[in-house]
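Colleague: My questions will all concern the structure given below.
Just so you know, all these numbers are worked out from the coordinates, no wet-lab data involved. Because the structure is predicted, anything quoted here is derived from the model rather than measured. Cβ sites come from the backbone with ideal geometry, for glycine too, and all protein chains shown count toward neighbours.
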Amino acid sequence: MPTGKSAQSGFTYLFVLMLIALIGMGLAAAGTLWRTDAQRSREAELLFLGDQYRQAIRSFYERPDQQPPRLPQSLDELLEDRRGITVVRHLRRAYRDPFTGKAFALVQTPDGRGIAGVHSQSTRHPFKIAGFSAQDAAFAEAKTIADWQFVFIPPAPLPANQQTPVPANRLQPGP
């Protein structure tokens, strides 16, 4: 028959083992919550930065003193647009992808003559699947973060033979 001291040691040992197991489960749950929160924060940052790039490309394209309008050939042109008399900065700095820590991947135009947008290279599955802005509505069907492409689509130019219509009252001869 065991003595009282060795039986008490066994219960203390079991109590310590259960305490360690409970602490481990708590830390695992906290780690999962932290990782989820971190990814949601990165997704929000990616949406903001991607929109900054899209706005910079639009600003570059729509620069009033440059005709005909064109898309940038490199990100450096968004940082320092030297096409006019003054240097215009359409983007404050070249932002890094919050998921990979590397530069954003570029989305080239179909003809390869410029940059239309950027996207992440992350293959993670996005947590955000709804509640996007109208211009980002297609992101709801994305399978990976890399499918979130922030692209500026220039308006279609008028055909060369079609000019801006003249209002009807201007066609009438004066008195």
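Colleague: Can you give the net charge of the other residues whose Cβ lies under 14 Å from the Cβ of residue 68, counting K and R as +1 and D and E as -1?
Modeller: +2
Colleague: Cβ under 13 Å from residue 97's Cβ, residue 97 left aside: what net charge do those residues give with Lys, Arg +1 and Asp, Glu -1?
Modeller: +2
Colleague: Rounded, prolate or oblate for segment 1-147? Axes are the square roots of the Cα gyration tensor eigenvalues, ordered a ≥ b ≥ c, and the cut-off for rounded is a/c under 1.5.
Modeller: It is prolate, given that a/c is not under 1.5 and a/b is the larger ratio.
Colleague: If you average the C-alpha positions of segment 103-157 and of segment 11-90 separately, how far apart do those two centres end up, in angstrom?
Modeller: Centre-to-centre (Cα) distance: 13 Å.
Colleague: May I pose another question? Could you work out the local net charge near residue 127, counting Lys and Arg as +1, Asp and Glu as -1, over the other residues with Cβ closer than 12 Å to its Cβ?
Modeller: Charge balance in the 12 Å sphere: +3.
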